[in-house]
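The structure under discussion appears below in the form of structure tokens.
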Amino acid sequence: MKRFLAMLVAMIMALSLVTIPVVADQPVVFTAGSVSAAPGELVRIPVSVSGEFEAHTLNMQVNYDQNALTVESVEYGDFLTTAQELGAMIIVDTTTIPGSIRIGSIYPTTGATEGGVIVYVNFRVGEAVTEDQNIDLAVTGFDYLPVGQTTADPIENTTVSGIITIEESEPTEVPTEEPTDVPPMDAARFFVDTYNANVGDEIIVPVVLYNYEGNAHILNMEVNYNADALAVTGVDSGDFLTSVQNAMAVVDYTTIPGSVRIGLACAVDPVPAGEEPITIVNVHFTVLEGAANATNPIELVVSEFMNFPVAGEAVSIENTVTNGAVIVGGSTPVTENPTEVPTDVPTEVPTEVPTPVIPDMATFFAGTYNANVGDEIVVPVVLYNYEGNAHVLNMQVNYDANALAVTGVDNGALLTGAQSAMVIVDYTTIPGSVRVGLACAIDPAPAGDDPITVVSIHFTVLEGANNATNPIELVVAEFKNFPIGGDAVSIENTVINGAVIVGDPVPSTETPVPTTETPAPPTDTPVPPTDTPVPPTDTPVPPTDTPVPPTDTPVPPTETPVPPTDTPNPDDIVFSAPTVYGRPGDLVAIPVSVEGEFNVHSIQIRLLYDPELVTFESVETADIFGGAIVVCQNKIDDQGASVRFGVASPMDAISVQGVYFTVMFRVNSDVNMGTDIPLTFDREHFEFTYMPLDGETYDYPVFFNDGAIIVGEEPIETPKPTDEPITDEPTTDEPITDEPVTNEPTTDEPVTGEPATDEPIDETPVPTDTPNPPVTGTIALVGVGIAAIAAGAGVVLFRKKEDEE
């Protein structure tokens, strides 16, 4: 379990260490290649950069005449491949603006320092083109912007455009068959071909991998296409995804129009090589009505392809991509038109759920429905008696794949209402099974209405389905409460299965369903009576407790001054926030630091504040955690307002001390002068844990130094004690007769005795009394989008693990 979670973490690791700036001695040069081509010919144009630089942002365009040239595909060069390895966010857009390819990259920490080919652009020259074609480059942004610097420094650069010289020659035909002569190369190659099709055609496009040596544990890639011309009707998993055990495979083609997302994480063994080439997926495209006669690129983007052995570190596998296209209006469709898909909506599906079947525990329920061949049925899977306490759900909805096909799944309120959560709904990898996974990083999934929908599954009854009852079976492998700082506790639950009855009248199976579950409520029924008398025995307790709150009420004031007098134990890890001053409307910085000796893998800190007194503006996290996952967010909910900070390092332990994050608060303009605004650490929800892959976990003891914002001006009297102890103290604090006047003129030390050791001049200046200033070295992370995997995969990071269970 622990190893598997570590590899999920590896799928979104995008941080590295800061490098030393490189100053260019001469302008950087961006160059587009020049070639000769005949009308109709496919040409390859490299776009490269050279010179000395350290760049953190790139924004450029490759402009061309869209009436003469068509972009068939764009391949990453060494420059962007290296950018991927540095965790950069990369955008290559060939479709938004006709006649312009937009290329952008943002580096989270380490910038680009080496030149090379940025992209290879594969252009198709138009059949009627007779004039030479310019390939113009425009660099709108190429900047040095290290972490922690707020203003970008432009890097001087120049551009050299390319040209396609048109020659007379016979055009080259577009290949319509699988390639037989993929050029040999040392790196693994992801490949998709180019196909001809007409409106209404269905095309099955395999995505294959050449030169694969059987050493990959992790794959994260996209197959991007033009959603205005093509629709994905299904995806078949190939041998690459199905040939390994103990692996999680995710194929998602419904969440983001125009993109098929593919993810694979192998827990132990890598994917075996198998035959050459090995198929990753087969994508079923349909050419939409109204699609223009044009070339529609199919672009492959491989963000992660790694070898990640159990006892080693993740190593990227060198790879390249060869993109393809679907040419609408071409000569020969690749496959025949599909069988007509039924579009009629079936008779109204019953939504009423029989109430007798709901026991006194969380109950997962799927109803029973009637349908005929060709009907589409929407089957909601709902949860009764849910109290809003689940952080983890792992379940399956199993069905007969010979009678039913899943055409889509809608996430219900249980999945969409959970913030900072990873949600996986997979209905393509394993025929006959919809896999549903939920892992909440901080708060549990809220309860919402009762019942609350988990998912709604769209089934279609297949041709040839017999008149029979097709069970819909629910299997809940995990349903747990897993709070931060606590252990996982399974939530008691039961399931009520459903069915799709093909060709029968009103379901007769709903009657036995309640009766099969009816015995359960009677066994539970006597339990409430035994519990019923317990509340009366507890009832007198509140009255006895009632006077306690008044006695406890004054305790907090008496305890308030206690923390300043308390001192941490020698082994405690100290979380600290300063006390600062600010006037109404001022922006103040609160650096939160951690001190002590430790080695930890999981950190959770919450700083609580009053949103009626201050407003959260922003937060900056320090870049001192190496390759760890860092998450920081502001949240206001039923538990109050807090800034939540988390770090998870799956491999290397964190031992660094110092400022971990800095919060910028604005003092609300209506707050009265003299108000003391507390900034307190959440004592209940924190984590500071040593969590090795192979070994026992250990929670470090912690000590909290709370901070505050005092509304008003910082006292200016603080420096006076440093100037007056020599002349004023003898007269105001002690009689002259008690201390000889002859000792006072000594300038090196005040009155001999206690004042000499307790009040040295050098220890009373303002810096010891004034609030800690904002740490200017605090570094803000540049946001990097991997969508959903980004955000969400940190879900299981900040939890104690049940690895030895």
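The values are calculated or read from the model by the stated rules, or taken from the named source; none is laboratory data. These figures come from a predicted structure and were not determined experimentally. Here the Cβ positions follow ideal geometry from the backbone for every residue, glycine too, while neighbour counts run over all protein chains shown. All accessible areas refer to the heavy atoms of the entire protein, side chains included, with ligands and DNA or RNA removed. Shrake-Rupley method; radii C 1.70, N 1.55, O 1.52, S 1.80 Å.
What to note about this one:
- Placing a label point 7 Å from the Cα of Glu617 along the Cα-to-Cβ direction, the residues of the range 576-605 whose backbone N falls under 14 Å of that point are 581-591.
- For Ala38, the residues whose modelled amide H falls within less than 5 Å of its own, excluding neighbours fewer than 5 places apart on the same chain, are Glu167.
- Restricting the range 201-296 to GluC sites (Glu not before Pro) in coil, as DSSP defines it, with at most 14 other Cβ within 10 Å: Glu213, Glu275, Glu289
- Amide H contacts for His685 (H built 1.01 Å from N in the peptide plane; partners 5 or more residues away or on another chain; cut-off under 5 Å): none found.
- FRET E, pair Glu318, Asn467, Förster distance 51 Å, beta-carbon r, rounded to 0.05: 0.35
- Gyration tensor (alpha-carbon) shape descriptor, the range 395-502, a/c threshold 1.5: prolate
- Per-pair calculated FRET efficiency, R0 = 25 Å: Val199 and Ala128 via Cβ, rounded to 0.05: 0.60
- Each peptide in 302-308, 238-244 receives the mean, over its residues, of other Cβ atoms within 10 Å, and ordering these scores from highest gives 302-308, 238-244.
- Note on Val29 and Ala311: their simple-model spin labels are 5.1 nm apart, each label 7 Å out from Cα toward Cβ.
- Accessible area (Å², per residue) of the range 640-700, counting only protein heavy atoms and a probe of 1.4 Å: 43
- Residues in the range 272-277 carry Karplus couplings, in order, of x, 5, x, 7, 10, x Hz; the curve used is 6.51 cos²θ - 1.76 cosθ + 1.60 with θ = phi - 60°, and Gly or Pro positions show x.
- Here the 3J(HN,Hα) profile of the range 601-609, calculated from phi with Karplus coefficients 6.51, -1.76 and 1.60 at θ = phi - 60°, is 10, 9, 10, 9, 10, 10, 10, 8, 8 Hz, Gly and Pro shown as x.
- Shape call, the range 71-169: gyration tensor on alpha carbons, a/c limit 1.5: prolate
- Distance between the 7 Å Cα→Cβ label points at Asp676 and Asn372: 7.8 nm.
- Distance (nanometres) between label positions extended 7 Å along Cα→Cβ at Glu156 and Thr113: 2.2
- Distant-in-sequence amide contacts of Phe703, defined by a placed amide H-H separation under 5 Å and a gap of 5 or more residues or a different chain, comprise Ile573, Val574, Phe575.
- Accessible area per residue, Å², the range 571-638 with all protein chains present, probe 1.4 Å: 38
- Taking θ as phi - 60° and the Karplus parameters 6.51, -1.76 and 1.60, the scalar couplings of the range 574-579 work out to 9, 9, 9, 10, x, 9 Hz in sequence order, x denoting glycine and proline.
- Overall form of the range 48-114 per C-alpha gyration tensor (a/c, 1.5; a/b vs b/c): prolate
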